[in-house]
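Presented below is the structure to which this report refers.
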């Protein structure tokens with residue numbers, strides 16, 4: 001299960017971001033991007049609603065990792081405080 005803060009409705013500039021598809025063991029297809037920084041470096045990234053471009057793309061896919069992400073924890077704490 002992927003993090004709910006992945007920004008799926010964002011369409012990054014295709015000149016700098018090439019979509020890559022990764023198929024999980026359960027058949028789920030996870031899309032991330034090969035980002036060209038314009039200075040010769042290309043690295044995988046994901047787009048997050050909380051912090052923008054994020055380099056650790058598989059952290060967003062592995063539930064124990066994204067539930068431990070400091071940005072996720074902060075957003076959830078704020079959401080919880082607003083409900084109280």
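Out of all the residues in the stretch 39-47, is one or more modelled with pLDDT under 90, over 17 Å from residue 1 (Cβ atoms) and over 13 Å from the mean Cα position of the chain (by Cα)? Explain how you work it out, then say what you get.
Start the filter on the stretch 39-47 by keeping residues that are modelled with pLDDT under 90, which leaves 40.
From what's left, over 17 Å from residue 1 (Cβ atoms): 40.
Applying the additional criterion that residues be over 13 Å from the mean Cα position of the chain (by Cα) yields 40.
Checked the stretch 39-47: at least one residue is modelled with pLDDT under 90, over 17 Å from residue 1 (Cβ atoms) and over 13 Å from the mean Cα position of the chain (by Cα).
Within the stretch 61-74, does at least one residue satisfy the condition of being within 9 Å of the chain's Cα centre (by Cα) and either assigned to a strand (DSSP E or B) or touching a residue at least 12 places away in the same chain (Cβ under 8 Å) (or both)?
Let us first name the residues in the stretch 61-74 that are within 9 Å of the chain's Cα centre (by Cα), namely 61.
Next, from what is left, pick out any that are either assigned to a strand (DSSP E or B) or touching a residue at least 12 places away in the same chain (Cβ under 8 Å) (or both): 61.
Yes: the stretch 61-74 contains one or more residues that are within 9 Å of the chain's Cα centre (by Cα) and either assigned to a strand (DSSP E or B) or touching a residue at least 12 places away in the same chain (Cβ under 8 Å) (or both).
Where residues in the stretch 24-55 are in contact with a strand residue (DSSP E or B) (Cβ under 8 Å, 6 or more places away or on another chain) and in a loop (DSSP other than H, G, I, E, B), which of them is surrounded by the most Cβ atoms within 10 Å (Cβ to Cβ)? Talk me through it step by step, then tell me what you get.
Within the stretch 24-55, the first condition is being in contact with a strand residue (DSSP E or B) (Cβ under 8 Å, 6 or more places away or on another chain), and the residues that meet it are 24, 29-37, 42-49, 53-55.
Subset that is in a loop (DSSP other than H, G, I, E, B): 24, 37, 49, 55.
On the way: 24: 11, 37: 11, 49: 15, 55: 10.
The residue in question is 49.
Considering only residues that are touching a helix residue (DSSP H, G or I) at 6+ places or on another chain (Cβ under 9 Å) and free of Cβ contacts under 8 Å to residues at least 12 places away in the same chain, which ones fall in the stretch 36-57?
Matches in the stretch 36-57: 54, 56.
Looking only at the stretch 12-23, count every residue that is assigned to a loop (DSSP other than H, G, I, E, B) and either in contact with a strand residue (DSSP E or B) (Cβ under 9 Å, 6 or more places away or on another chain) or closer than 15 Å to residue 60 by Cβ (or both) and tell me the total. If you could, list the steps in order and put the result at the bottom.
Taking the stretch 12-23 and keeping what is assigned to a loop (DSSP other than H, G, I, E, B), we get 12-16.
From what's left, either in contact with a strand residue (DSSP E or B) (Cβ under 9 Å, 6 or more places away or on another chain) or closer than 15 Å to residue 60 by Cβ (or both): 12, 15-16.
Of the residues in that region, 3 qualify.
The values are calculated or read from the model by the stated rules, or taken from the named source; none is laboratory data. Note that the structure is predicted; figures quoted are calculated from it, not measured. FYI the Cβ positions are ideal-geometry reconstructions off the backbone, even for glycines, and counts take in every protein chain you see.
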